[in-house]
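The values are calculated or read from the model by the stated rules, or taken from the named source; none is laboratory data. Note that the structure is a prediction, hence the values are computed from the model and not measured. Here Cβ is always computed from backbone atoms with ideal geometry, including for glycine, and neighbour counts include all displayed protein chains. For the accessible areas, the whole protein counts, side chains as well, though only heavy atoms, and no ligand, DNA or RNA atoms are used. Shrake-Rupley method; radii C 1.70, N 1.55, O 1.52, S 1.80 Å.
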Amino acid sequence: MDLNPSSQFLILAPLIAVFGLPHGALDLPIAERLWPLEGVSGKLKFIASYVGLILLVIAVWLVAPGVALSAFLAYSALHFSGDWAGTAAPLRWAGGVAAIGAPALLHPTEVTALFGHLAPLPAAAIAADAAALAGALAIIPLALTLAIRRRLSQPVIELMILWIAAWLLPPLLFFGIYFCSLHSIRHYRSSIRRMPSARRALFTAIGLSSIVALAGVSFVLVRSVADPAVPFELGLQAVFIGLAALTVPHMILVERFDRRLFVTRVGQKNTGDGIEPLPPVSA
Ligand SMILES: CC1=C(/C=C/C(C)=C/C=C/C(C)=C/C=O)C(C)(C)CCC1
Ligand SMILES: [Fe+2]
């Protein structure tokens, strides 16, 4: 499919705002399940540390964009491998890495150019090459599983679809579809099932996502008034540096939540229906 990066971006940005952000915006309800967060001050303390981490990542990106881009790719692969939790480790890793490595391997020129908007060129090109190499290595566990098992399990089918989509679609569109369908929806459903009030969590998620999306749009509008020549680059930076920053506290929280659920399941035979409140976690 042939679609220039600006047009892909015009499809990607609203997709992420509507379907991608709400899965991260469940973090406040998740935190409320993990810690008591009593009263307004409890919530404010949590929000301050969350926002502090976001600002820290943005600061690192401004000071050392090359390092920040490489770190972002690595922890994104780790985060995305969670989409195949419960699958054997090699296949889980193959999934997380392919989400980024497949477009880098199959569309190297376009991905290098896109990375070039997020970090200066030598670092961007190295990151794109490393992602492509990781993508190539991620084919091995998939091929071995297919060769040994000789049957199509659900994770194998999902990974095959992922690779075909990465091959057929331009990188930004591929990412938008993977992120908003498989990642966001899967994560959203598994979190909301464990909430005491799904309706309240949903409203919080919608409210928070709208705030983040509005902040992104305002940033691009304000900056493009000063420099109207580069709205695409600004938009791309707002989306991906924004995602990089939001993902750090989001990952820490989701990781804690999943570990916590596991302990509760083993210790209290909680079936994961999320009705009974979790006892508070000690730090
Ligand atoms: C920038 C860019 C890419 C990488 C995107 C990443 C790494 C996104 C991570 C998002 C996360 C971790 C969201 C959390 O929920 C691709 C797909 C290679 C395509 C080319 C442009
Ligand atoms: Fe996520």
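Take the residues of the stretch 136-178 that are closer than 21 Å to Ser76 by Cβ and outside any helix (DSSP H, G or I): which is least open to solvent (accessible area, probe 1.4 Å)? Residue satisfying both the conditions and the ranking: Pro170. Annotation note: of Leu243, Leu208, Leu234, the sole residue that is within 28 Å of Ala119 (Cα to Cα), touching a helix residue (DSSP H, G or I) at 6+ places or on another chain (Cβ under 9 Å) and either in contact (Cβ under 8 Å) with a residue 60 or more places away in the chain or more than 16 Å from ligand 1 (Cβ to nearest atom) (or both) is Leu243. If only residues of the stretch 113-131 that are more than 20 Å from the chain's Cα centre (by Cα) and assigned to a helix (DSSP H, G or I) are counted, the one that is nearest to ligand 1 (Cβ to nearest atom) is Ala113. What are the residues in the stretch 55-89 that are of a type outside the set (Gly, Ala, Ser) and over 25 Å from Val111 (Cα atoms), if any? Hits for the stretch 55-89 are Leu55, Leu56, Thr87. Take the residues in the stretch 208-242 that are over 25 Å from Ser76 (Cα atoms) and exposed (fewer than 12 other Cβ atoms within 10 Å of the Cβ), then tell me which one is modelled with the highest pLDDT. Across the stretch 208-242, the extreme among qualifying residues is Ser218. Tell me yes or no: at least one residue of the stretch 185-206 is within 20 Å of Ala98 (Cα to Cα), open to solvent by 50 Å² or more (accessible area, probe 1.4 Å) and part of a helix (DSSP H, G or I). There is at least one residue in the stretch 185-206 that is within 20 Å of Ala98 (Cα to Cα), open to solvent by 50 Å² or more (accessible area, probe 1.4 Å) and part of a helix (DSSP H, G or I).
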